[in-house]
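This report concerns only the one structure given below.
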């Protein structure tokens, strides 16, 4: 898998950013730290797991460690939901070859460019059942053409569309890493309106490059 380095993303606003805490519970999910980024693990029924992104390192060490801590193996992972196709979110896919890889259809080409593959294409508004949980899919374009945000049991998994700050507010990602910073920001604001209209209660906002912050108030700070 081709590796693209985005280490400076993790250095932007380092003092202000909410730090990533490896193993932190975020609703039913667990944040898995891998260098300057993270992915999220959901044990959606006993011994069966879905990941949201696959962390950074090509060795899959962060993914492997998170599984081993729970008495699980790569064979326990049924699904990986990709927020987008930048390779700092794809590192563990090589060890999860049995898992179905989900992403928005518009992101398939970028994932392939990074040396991975999408098995199941998603569309904006899709809902995927995982045991007692439902993964709600939102297209939030701008960081990439096919960036996705996922909502699971009140947790909004934001990928690289925002960065959470220590004061509980949200900031946009560094402009140089987004295809269209203005579109990204407009898409996040549109998502807030969609969630409000649908009456979705957001308990946590969980970006990839920072720790999580609480609730819908954070979204309205953007």
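Bear in mind these aren't lab numbers, they're just calculated from the coordinates by the rules spelled out. It should be emphasised that the depicted structure is a prediction, and the values quoted were computed from it without experimental measurement. Positions of Cβ are backbone-derived with ideal geometry, glycine not excepted, and every protein chain shown enters the neighbour counts.
Take every DSSP beta bridge with both residues inside the stretch 29-158 and express the antiparallel ones as a percent of the total, to the nearest 5.
Here the share of antiparallel DSSP bridges comes out near 70 percent.
What share of the DSSP beta bridges in the chain is antiparallel, in percent to the nearest 5?
70
May I ask you to sort 136, 89, 209 by Cβ crowding, counting other Cβ atoms within 10 Å and putting the fewest first?
Ascending Cβ contact count within 10 Å gives the list 136, 209, 89.
What is the stretch 72-166 by shape, rounded, prolate or oblate, if you read a ≥ b ≥ c off the alpha carbon gyration tensor as root eigenvalues and call it rounded for a/c under 1.5, prolate for a/b larger than b/c, and oblate otherwise?
Since a/c stays below 1.5, the shape of the stretch 72-166 is classed as rounded.
In a GNM of the chain with a 10 Å cut-off on Cα contacts, which of 93, 195, 157 has the highest mean-square fluctuation?
195
Given an 8 Å cut-off on Cα distances and at least 6 residues of separation, report the relative contact order of the chain as a percent.
Averaging sequence separation for qualifying contacts and normalising by length gives 19 percent for the chain.
Using helices alone, what [θ] at 222 nm do you get for the chain, with -39,500 (n - 2.57) per DSSP H run of 4 or more residues, divided over all residues and rounded to the nearest 500?
Computed mean residue ellipticity for the chain: -5000 deg cm²/dmol.
Taking a temperature of 4 °C and a viscosity of 1.567 mPa s, what whole-number D in µm²/s does Stokes-Einstein yield for the stretch 7-220 with Rh from Kirkwood over alpha carbon pairs?
78
Please report the relative contact order for the stretch 89-221, taking Cα pairs under 8 Å with a sequence separation of at least 6, and give it as a percent rounded to a whole number.
19
Select from 196, 53, 88 the residue whose mean-square fluctuation is largest in a Gaussian network model of the chain (Cα-Cα springs shorter than 10 Å).
Evaluated over the chain, the most mobile residue of the options is 196.
Answer rounded, prolate or oblate for the stretch 103-222, using the Cα gyration tensor with square roots of eigenvalues a ≥ b ≥ c: rounded when a/c is under 1.5, else prolate when a/b is larger than b/c, else oblate.
Note, shape of the stretch 103-222 comes out oblate.
What is the order of 102, 150, fewest Cβ neighbours within 10 Å to most?
102, 150
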